[in-house]
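Worksheet for the structure shown next.
Every number in this text was worked out from the coordinates using simple rules, so none of it is lab data. These figures come from a predicted structure and were not determined experimentally. Every residue, glycine among them, receives a Cβ derived from its backbone with ideal geometry; neighbour counts consider all protein chains shown.
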Number of protein chains: 2
Amino acid sequence: MDAAKILGLVAGFLTTVAFVPQVVKTWRSKSARDLSLVMFLLFCTGIFLWMIYGFMINELPVILWNIITLVLALIILFFKLRFKD
Amino acid sequence: MDAAKILGLVAGFLTTVAFVPQVVKTWRSKSARDLSLVMFLLFCTGIFLWMIYGFMINELPVILWNIITLVLALIILFFKLRFKD
């Protein structure tokens, strides 16, 4: 595995696990008032396309981490819709 | 420009502009209580590494959009630190 792939995996690890504390915080507080609904709608759509892009250029880091990020972002989107302002 | 690059640009456009409504919302409400500080610290670090990764694999979409996303995410991080809970 070359240096770029390793860096891509580390970068993807960080931008993916970043959403875990947000999921935990929102779950605990049951408050999502300050989160932008439009942000998470656009973000989930974009991450889905990044995943497709990853398949097209055959780059493992792009594919792998975007799948996990999509799941976490969808959870936050669900919380935003569930926990009314 | 091939199909993958176009898709990458569209994907990057969406995951980047996604942060704009969050910046606007947080600026207007002056409230960032529900945003996770840890999320934005990890996210900004990860996006910085994605940018470096983009340079290493020479993929324009990865480079371009991560630079802009980094700026927007840093603004939200600044708001989170400025607007005390």
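Some points to look at:
- For segment A:3-82, averaging the sequence separation of C-alpha pairs within contact (under 8 Å, six or more residues apart) and dividing by the residue count gives a relative contact order of 44 percent.
- Label point distance in nm, B:LEU37-A:PHE55, each placed 7 Å from Cα along Cα→Cβ: 4.1 nm
- Position B:LEU74, label points 7 Å along Cα→Cβ, spacing to each other copy in nm (shortest first, one decimal): 3.3
- Taking max minus min of the alpha-carbon positions on each principal axis, the protein assembly as shown gives extents of 42, 28, 27 Å, largest first.
- Annotation for B:ASN58, label-to-label distances across the other copies: 1.7 nm (shortest first, one decimal, point 7 Å from Cα along Cα→Cβ).
- Per-bin percent of Cα-Cα distances, chain B [10 Å]: 18, 44, 26, 10, 1
- Segment A:44-71 and segment B:32-81: distance between their alpha carbon centers, rounded to Å: 16 Å
- Where chain A is rotated onto chain B, the residue of A whose Cβ comes nearest the axis, and that gap in whole Å, is A:ASP34, 2.
- The count of lysine pairs in the protein assembly as shown that are at least 8 places apart or cross chains, and whose C-alpha atoms lie under 27 Å apart, stands at 25.
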